[in-house]
Amino acid sequence: TQLYTNVDKIPFRKVGLVLGASKKTIRGTDNLYFSYRIQAAYGLFKAHKVQYLLVSGDNHIKGYDEPSDMREALIALGVPDSCIILDYAGFRTLDSVVRCNEVFGEDSITIISQEFHNQRALFIANENNIKAIGFNAQEVSKNYSFKTRIREYFARVKCVLDIYVLYTSPKFLGEKINIGK
């Protein structure tokens with residue numbers, strides 16, 4: 001299996017890739033996707049199922065910085081800063097997953113997000129020969145997530161086009177960064 005929900009049953013991986021989400025909703029309330037991913041990442045770290053957390057997200061405009069927000073939230077829970085690596089060029093899921101291997105040199109990872117998102121991320125990992133497993137963060141209610149579910153439908157179509165038709169690469173690659181070396 002590639003998808004896990006039980007911390008006790010998931011195998012160890014050196015790096016957990018936490019996929020980005022905004023800290024707040026458009027209405028200014030806490031974003032449950034963000035909160036639940038942080039809780040899941042912390043749970044894996046605390047249980048020694050990952051040694052490092054690579055937080056990957058968008059920060060393309062001033063005042064919006066998913067990786068730094070994730071870092072702050074993880075530190076507040078007790079994850080040492082030395083165990084958190086920031087990827088500021090995770091503009092989309094494809095970028096985050098491929099960069100984990102191409103930039104950070106990791107080919108065996110745990111992807112941390114909600115199940116619907118992990119399914120797409122694992123598809124990308126599999127197509128890029130990355131040995132990935134997914135840890136499913138707590139889901140949010142269907143009422144809360146209607147727009148996200150619609151968006152995911154189109155994201156999956158785009159993902160298939162990116163991989164099989166457009167051969168899309170991440171927007172940025174950059175210099176190699178070794179995690180934990």
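The values are calculated or read from the model by the stated rules, or taken from the named source; none is laboratory data. This is a predicted model, so every value here is computed, not measured. Every residue, glycine as well, gets a Cβ built from its backbone with ideal geometry; the counts of neighbours run over all protein chains shown. What goes into the accessible areas is simple: the full protein's heavy atoms, side chains included, and nothing from ligands, DNA or RNA. Shrake-Rupley method; radii C 1.70, N 1.55, O 1.52, S 1.80 Å.
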Positive-end residue, region 16-162 charge dipole about Cα centroid, Cβ charges, pick of Val103, Leu32, Asn143: Asn143
Within region 1-109, chymotrypsin sites (Phe, Trp or Tyr not before Pro) in DSSP loop having at most 12 other beta-carbon neighbours inside 10 Å: Phe12
Carbon + sulfur, % of accessible area of the chain - ligands and nucleic acids excluded, 1.4 Å: 54 percent
Accessible area expressed per residue, the chain, with surrounding protein chains retained (probe 1.4 Å, Å²): 53 Å²
Lysine pairs in region 125-181 with Cα atoms under 23 Å, if 8 or more residues apart or on separate chains: 7
Unit charges on C-beta of K, R, D, E only; dipole of region 1-143, Debye: 280 debye
Translational D in µm²/s for region 128-171 (Stokes-Einstein at 20 °C, 1.002 mPa s, Kirkwood Rh from C-alpha pairs): 166 µm²/s
Region 131-157 and region 1-58: distance between their alpha carbon centers, rounded to Å: 14 Å
Neighbour net charge for Gln114 - beta-carbon separation under 13 angstrom, K R +1, D E -1: +2
Relative contact order of the chain, defined on C-alpha pairs under 8 angstrom at six or more residues apart (%): 26 percent
Scattering curve values for the chain, log₁₀ I(q)/I(0), Debye with Cα scatterers, q = 0.12, 0.19 Å⁻¹: -0.50, -1.40
